[in-house]
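Chemist: Below are the structure tokens for one structure; questions will follow.
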Amino acid sequence: MRYIGSHLSSSKGYLAMCRQAEKLGANTFAFFTRNPRGGAAKAVDPDDMAACGDYLRRHAFGPVVAHAPYTMNACAAVEVTREFALRAMAEDLQRLEHLPGQYYNFHPGSHVGQGAEAGIELIAAQLNAVLTEEVHTTVLVETMAGKGSEVGRSFEELRAIIDRVEYSEKLGVCLDTCHVWDAGYDIVNDLDGVLVQFDRVIGLSRLKALHVNDSMNPLGARKDRHARIGEGHIGAEAFRRIVRHPALAGLPMVLETPNDDAGWAAEIALLRSFEV
Ligand code: FE
Ligand code: FE
Ligand code: ZN
């Protein structure tokens, strides 16, 4: 059975997310560690997080994927913005020690005119500052659509980040289907070719999670507008091949589509129907 789920609200806590996931027919989920557009994080409740870990084990869930706030920009030109990014990531990873063995994914950031090269150095510097022997979470760099000055729109840029990190065994990649499509990787007509390229540049063993989103825009549009599965330019058939692909079988596949609970339950069921 594939690990399939959606992004969930973390407002009621960790155990509540597990129950909500189960209700939607999911066996994985994603969530924001804090307000995605602000910065504040709620107080840690170690018991709630331990109960979540217990639930994940007892219900044979796959890894769950915490998502860093969008405001985190490790390669900002402004120093206070970089300092916030560093502090937020360090704090998030510290909290996640109450739920060890899971994933934490973040957007590499936007270099805002400093150039991709400089951006890559700053992102790697942040990762080197937060990744220590004591971290029991795998940090996932997300593939980006390449809108504006986003770093991470090519596999080569992600590889360059990984190459500069000392504890790189604690690093992986989260592949967002909408983002790679918008970045110009044709997962509709050549999924195998894209995965071969990923393997050659980064290594498939680094691929730890998928964000499963259709795209409102055509290949290479560099826009990043998610659509519901089957309602965008990627189309349902491509998602059937993604769900069934043997190289992707063990990965958590998380929906970030514009939906309500009923919509997510339906999309999770749709993706499960592709398994067989
Ligand atoms: Fe994301
Ligand atoms: Fe995503
Ligand atoms: Zn996106």
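Read-outs throughout are calculated quantities, based only on the coordinates presented, and are distinct from any laboratory measurement. Values in this document were obtained by computation on a predicted structure and should not be read as measured data. Virtual Cβ from ideal backbone geometry, glycine too; neighbours counted across all protein chains shown.
Chemist: Enumerate the residues in region 86-128 having an amide nitrogen under 12 Å from the point lying 7 Å beyond the Cα of GLU256 toward its Cβ.
Modeler: Backbone N within reach: 105-109.
Chemist: Oh, and also: Need one number: % antiparallel among DSSP beta bridges in region 3-273, to the nearest 5.
Modeler: Roughly 10 percent of the DSSP beta bridges within region 3-273 come out antiparallel.
Chemist: Where Rh is the Kirkwood radius over the Cα pairs of region 105-221, the temperature 25 °C and the viscosity 0.890 mPa s, what D in µm²/s does Stokes-Einstein return? Walk me through the intermediate numbers first.
Modeler: Numbers: Rh = 14.4 Å.
For the chosen part, D equals 171 µm²/s.
Chemist: Note down the nm distance, to one decimal, between modelled labels 7 Å out along Cα→Cβ at GLU237 and at ALA118.
Modeler: In this crude label model, GLU237 to ALA118 measures out at 4.6 nm.
Chemist: If you stretched the chain out fully between HIS98 and ALA50, how much longer would it get, using 0.36 nm times the residue separation minus the C-alpha to C-alpha distance? Show your work: numbers first, answer last.
Modeler: Working: separation 48, 0.36 × 48 = 17.28 nm, distance 0.64 nm.
Computed gain between HIS98 and ALA50 is 16.6 nm.
Chemist: Which FRET efficiency, nearest 0.05, do GLU275 and GLN197 yield, Cβ-Cβ r, R0 22 Å? Kindly include the intermediate steps, with their values, before the conclusion.
Modeler: Numbers: r = 25 Å, r/R0 = 1.14.
Working from the Cβ atoms, E equals 0.30.
Chemist: Which one of HIS107, ILE234, GLY172 has its Cα pushed farthest toward the positive end of the charge dipole of region 93-245, where Lys and Arg give +1 and Asp and Glu give -1 at the Cβ?
Modeler: ILE234
Chemist: From the C-alpha coordinates alone, can you work out the Kirkwood hydrodynamic radius of region 1-92, in Å?
Modeler: Numbers: mean 1/r = 0.0706 Å⁻¹.
The answer is 14.2 Å.
Chemist: Using only the alpha-carbon atoms of region 3-273 as identical scatterers, what base-10 log of I(q)/I(0) does the Debye formula give at q = 0.10, 0.14, 0.17 Å⁻¹?
Modeler: So the normalised log intensities are -0.46, -0.96, -1.46.
Chemist: Then there is this: Taking the mean number of other Cβ atoms within 10 Å as a proxy for protection, how do you rank 223-233, 54-64 from highest to lowest?
Modeler: Numbers: 223-233: 18.9, 54-64: 16.6.
Ranking, from highest mean packing down: 223-233, 54-64.
Chemist: Hey, what does the equivalent ellipsoid look like for region 221-265, semi-axes from the Cα gyration tensor as sqrt of 5 times each eigenvalue, largest first, whole Å? Each step should come with its number before you reach the end.
Modeler: Values: eigenvalues 72, 45, 22 Å².
Equivalent ellipsoid of region 221-265: 19, 15, 11 Å, largest first.
Chemist: Which value, in Å³ per residue, describes the convex hull spanned by the Cα atoms of region 84-172?
Modeler: Taking the convex hull of the Cα positions in region 84-172, it is 85 Å³ per residue.
Chemist: Continuing with the same structure: Between ASN35 and TYR167, what is the FRET efficiency for a Förster distance of 35 Å, r being their Cβ-Cβ separation, to the nearest 0.05? Intermediate values should be presented prior to the final figure.
Modeler: Values: r = 28 Å, r/R0 = 0.80.
Taking R0 as 35 Å, the efficiency between ASN35 and TYR167 is 0.80.
Chemist: Could you work out [θ]222 nm for the chain from helices alone, using -39500 (n - 2.57) per DSSP H run of at least four and dividing by all its residues? Round to the nearest 500 deg cm²/dmol. Working shown, then result.
Modeler: Values: 9 runs with 108 residues, N = 276.
Computed mean residue ellipticity for the chain: -12000 deg cm²/dmol.
Chemist: Under a GNM of the chain (C-alpha, springs under 10 Å), which listed residue has the highest mean-square fluctuation: ARG164, ARG37, ARG241?
Modeler: ARG37
Chemist: Okay, next question. Dividing the alpha-carbon Rg of region 58-114 by 2.2 N^0.38 Å yields what?
Modeler: On the way: Rg = 13.8 Å, N = 57, 2.2 N^0.38 = 10.2 Å.
Compactness ratio reported: 1.35.
Chemist: Checking the cross-link filter: which lysines have an alpha carbon closer than 27 Å to that of LYS12, excluding same-chain neighbours under 8 positions apart?
Modeler: Here the lysines satisfying the reach criterion relative to LYS12 are LYS23, LYS42, LYS208.
Chemist: Please work out how much length the chain gains when fully extended from LYS23 to MET1, using 0.36 nm per residue of separation minus the C-alpha to C-alpha distance, in nm with one decimal. The partial results should precede the final answer.
Modeler: Details: separation 22, 0.36 × 22 = 7.92 nm, distance 1.69 nm.
Taking 0.36 nm per residue and subtracting the Cα distance, the gain is 6.2 nm.
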